[in-house]
Amino acid sequence: MTVKIGLVGTGTVGGGCIDILQKHKQDFQRHLGVDVELVRVCSRNPEQAAAHNVADIFTPDYRDIVNDPKIDIVVELIGGTTVARNVVLEALAAGKNVVTANKALMATHGQEVLDTAAAAGKEVAFEASVGGGIPIIDPLKHSLIANEIGTVMGIVNGTTNYMLTRMADNGMGYEDALKEAQANGFAEADPTADVEGFDAAAKIAILASIAFNSRVTLADVYTSGISQISPVDLEAARGMGYVVKLLAIAHRTPKGIDVRVHPTMIPAAHQLATVNGVYNAIYVVGDAVGETMFFGAGAGSGPAASAVMGDVLEVARHVQQGVGPLVGCTCTDQLPILPVDELQMKYYIRFTVSDKLGVLAAMAGIFAQHNVSVHSVVQHSKKESTVDVVYVTHVAKESDIKAVIEEIAGLDDVLQGPPSLIRVEE
């Protein structure tokens, strides 16, 4: 039996999938006993189809794919939550299995997608939505299901990891690191989704939902980006034995799910601390297996297409063997999402303030007023009229830290720029 595939999206990842199919089709038959055939492709750019030698099966209308009775699997690779949502839902309703790399869709409309698949008795696979070529969703759904997962934490955005690496290793400022990342093709012209943490937030929403068997959506994830981080902060972290990473963090706690994305200081000895450049890594702790880590390329044509085609081949095997979906939605619990204001941890805060008498005393009084215990305070001369004052707290409550920052910001002619806040994850 030949399993027929329709591909929607012929960009970087879609093109990679076409290349893999053309290169390894015979290998799939010989090694896996799976005969797959790409019978239709769709995108807004017919020249991309021509570049990959599939112009003869090109269509500009995705409905030609979802309504084709011969097609068994629809692969959605256009991204976003509008047209892509229509493609996925219409394909399922038409009796097709779906493979997608769409993190935004699964993080916002995952329940709708999985419910639609269940109603149709069809399969949705989305390994490539998190971590590029790193296998993580399948291990969580299969290899690690005997565990109660307590923590999923990772570097899941290559753009910000590249920038922080360059800033830490070469002393580059934020703007210069961003320009270099864009020049090298690691950052988009509009980098907002990456540098403000929204890309990572979608990914941790998906991972937390699977790991904790409870629905977490993009809107549930507290998100803060790296735009206020400077080489001064990274050097200070190094001096204290820490490394700064933009981490996507999810913890199962007795009170519910703690899920967030923000710049984080982690000990230099932590497994994630040595993950540099555009690489991604995801750290998972289970009650039986203990600590595990998944590492690899988090983006790009090859890695992402590898994950997509892995899903395609697995679903194709099920189609050939007449096997229904093995794992559908696993969100059987309804755990509460903990408000970020209840977070309790150590904090690093850097203020750029006016260099004048009484400023440090006023700031110290504000910390004391809000019951925030300071572990250390260091003053660095910045220029003639300003200084950087760096505080590291003992364990404190997030709401109290926010109150301290807000009150210091309200002091007359004191704060000379936005503060830098980095949470410390031991």
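The values are calculated or read from the model by the stated rules, or taken from the named source; none is laboratory data. Keep in mind the model is a prediction, meaning the values are calculated, not measured. Glycine also receives a Cβ, built like all others from the backbone with ideal geometry; neighbour counts cover every protein chain displayed. Keep in mind that these areas ignore ligands, DNA and RNA; they rest on the heavy atoms of the full protein, side chains included. Shrake-Rupley method; radii C 1.70, N 1.55, O 1.52, S 1.80 Å.
The table below lists the values:
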{"item": "Residue that is open to solvent by 30 Å² or more (accessible area, probe 1.4 Å), in contact (Cβ under 8 Å) with a residue 40 or more places away in the chain, of a type in the set (A, V, I, L, M, F, W, C) and within 19 Å of I206 (Cβ to Cβ), where the choices are I137, I78", "result": "I78"}
{"item": "The range 146-172 residues that are closer than 30 Å to P254 by Cα, paired with ones that are open to solvent by less than 30 Å² (accessible area, probe 1.4 Å) and assigned to a loop (DSSP other than H, G, I, E, B) (beta carbon under 7 Å, 6 or more apart)", "result": "I155/V275; V156/V130; V156/G131; V156/G298"}
{"item": "Residue match in the range 175-190 (condition: closer than 21 Å to V340 by Cβ, modelled with pLDDT of 95 or more and open to solvent by 40 Å² or more (accessible area, probe 1.4 Å))", "result": "no"}
{"item": "Matching residues, the range 332-366, being in a strand (DSSP E or B), closer than 30 Å to H251 by Cα and out of contact with any Lys or Arg (no Cβ under 7 Å at 6 or more places or on another chain)", "result": "D333, I337, K346, Y348, I349, R350, F351"}
{"item": "Residue tally, condition open to solvent by less than 40 Å² (accessible area, probe 1.4 Å) and under 24 Å from L218 (Cβ atoms), over the range 267-284", "result": "7"}
{"item": "Residue count, the range 338-355 (criterion: of a type in the set (A, V, I, L, M, F, W, C), open to solvent by 10 Å² or more (accessible area, probe 1.4 Å) and within 15 Å of V390 (Cα to Cα))", "result": "0"}
{"item": "Residue match in the range 356-363 (condition: touching a Gly at 6+ places or on another chain (Cβ under 6 Å) and open to solvent by 20 Å² or more (accessible area, probe 1.4 Å))", "result": "no"}
{"item": "Extreme residue, modelled with the lowest pLDDT, among residues of the range 375-400 that are surrounded by fewer than 18 Cβ atoms within 10 Å (Cβ to Cβ) and touching a Lys or Arg at 6+ places or on another chain (Cβ under 8 Å)", "result": "H375"}
{"item": "Of the criteria (1) open to solvent by 50 Å² or more (accessible area, probe 1.4 Å); (2) among the hydroxyl-bearing types (S, T, Y); (3) closer than 20 Å to M345 by Cβ, which one T223 fails", "result": "(1)"}
